[in-house]
Amino acid sequence: MYAVLNDNHVLVKDEDAHNLYNKRYYGNLTSFGLELSLVEAVYLQEKNKIEIYNSDDVALSNKDLYELLHQNKLYSKYLVYKDLRFRGYIIKTGFKYGSDYRIYERGSGPGDEHASKLVKILSEEQSIKALDFSSYVRVSHGVRKSLLLAVVDDEYDITYYDVEWTKP
């Protein structure tokens, strides 16, 4: 499927693009076509589901796209996205919850059930204030989800911590 890069979003105008959303909930359907985040689009190109072109109609290689992810400081988000998709989760943005992603259990998706977890991505050397950590947990609990911390190290390995609020 033909897709065009526009800033940090990719638009798929193919008549079958709705299948990517309907079957696995990639992107958002709009009147212009299927709009994907750069992270989703790179993942789909890597899976040979779409081909991404720039505004000059030049095909972008996976190497070009990885460089773009690095330039936009999205590479860690991409690695976590790719890993969670590989594990069978449906992933959508967690922006309105102050997180990177929200994930749906295997076999469900938006409209079927609510997301079960919010995902916050941190780098290994990144420090986090106790107040910020507390707010992530509090927001997750307030919307009836658990918090999944994804810590990405210097070798791009990911360690997950499943955090739940408990009452003492």
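The values are calculated or read from the model by the stated rules, or taken from the named source; none is laboratory data. Everything quoted here is computed from the prediction, not taken from an experiment. All Cβ positions, glycine included, derive from the backbone under ideal geometry; neighbour counts span all protein chains shown. Note: accessible area is taken over every heavy atom of the protein model, side chains too, but ligands, DNA and RNA are not part of it. Shrake-Rupley method; radii C 1.70, N 1.55, O 1.52, S 1.80 Å.
Being part of a helix (DSSP H, G or I), exposed (fewer than 12 other Cβ atoms within 10 Å of the Cβ) and either of a type outside the set (Val, Ile, Thr) or touching a residue at least 40 places away in the same chain (Cβ under 8 Å) (or both), is that true of even one residue in the stretch 103-117?
The answer is no, given that none of the residues of the stretch 103-117 is part of a helix (DSSP H, G or I), exposed (fewer than 12 other Cβ atoms within 10 Å of the Cβ) and either of a type outside the set (Val, Ile, Thr) or touching a residue at least 40 places away in the same chain (Cβ under 8 Å) (or both).
Taking (1) at negative phi; (2) surrounded by 12 or more Cβ atoms within 10 Å (Cβ to Cβ); (3) under 15 Å from the mean Cα position of the chain (by Cα) in turn, residue 98 satisfies each apart from (1). For residue 27, the conditions (1) touching a residue at least 60 places away in the same chain (Cβ under 8 Å); (2) surrounded by 18 or more Cβ atoms within 10 Å (Cβ to Cβ) all hold with the exception of (1). Of all residues in the stretch 125-146, those satisfying the criterion of being loosely packed, with under 14 Cβ neighbours inside 10 Å, in a loop (DSSP other than H, G, I, E, B) and not aliphatic (A, V, I, L, M) are 125, 126, 127, 129, 144.
Of everything in the stretch 85-104 that is in contact with a strand residue (DSSP E or B) (Cβ under 8 Å, 6 or more places away or on another chain) and hydrophobic (A, V, I, L, M, F, W, C), the residue that is farthest from residue 25 (Cα to Cα) is 103. Of all residues in the stretch 39-82, which are in a loop (DSSP other than H, G, I, E, B), of a type outside the set (D, E, K, R) and closer than 18 Å to residue 28 by Cβ? Answer for the stretch 39-82, where residues must be in a loop (DSSP other than H, G, I, E, B), of a type outside the set (D, E, K, R) and closer than 18 Å to residue 28 by Cβ: 50, 74.
Say whether the condition of being open to solvent by 60 Å² or more (accessible area, probe 1.4 Å), farther than 28 Å from residue 154 by Cα, at pLDDT below 95 and out of contact with any Phe, Trp or Tyr (no Cβ under 6 Å at 6 or more places or on another chain) is met by at least one residue in the stretch 58-69. Yes, that holds for at least one residue.
Could you list, in sequence order, the residues of the stretch 27-38 that are hydrophobic (A, V, I, L, M, F, W, C) and either closer than 21 Å to residue 100 by Cβ or assigned to a strand (DSSP E or B) (or both)?
Looking only at the stretch 27-38, we keep the residues that are hydrophobic (A, V, I, L, M, F, W, C), and these are 29, 32, 34, 36, 38.
Within the stretch 27-38, 29, 34, 36, 38 qualify.
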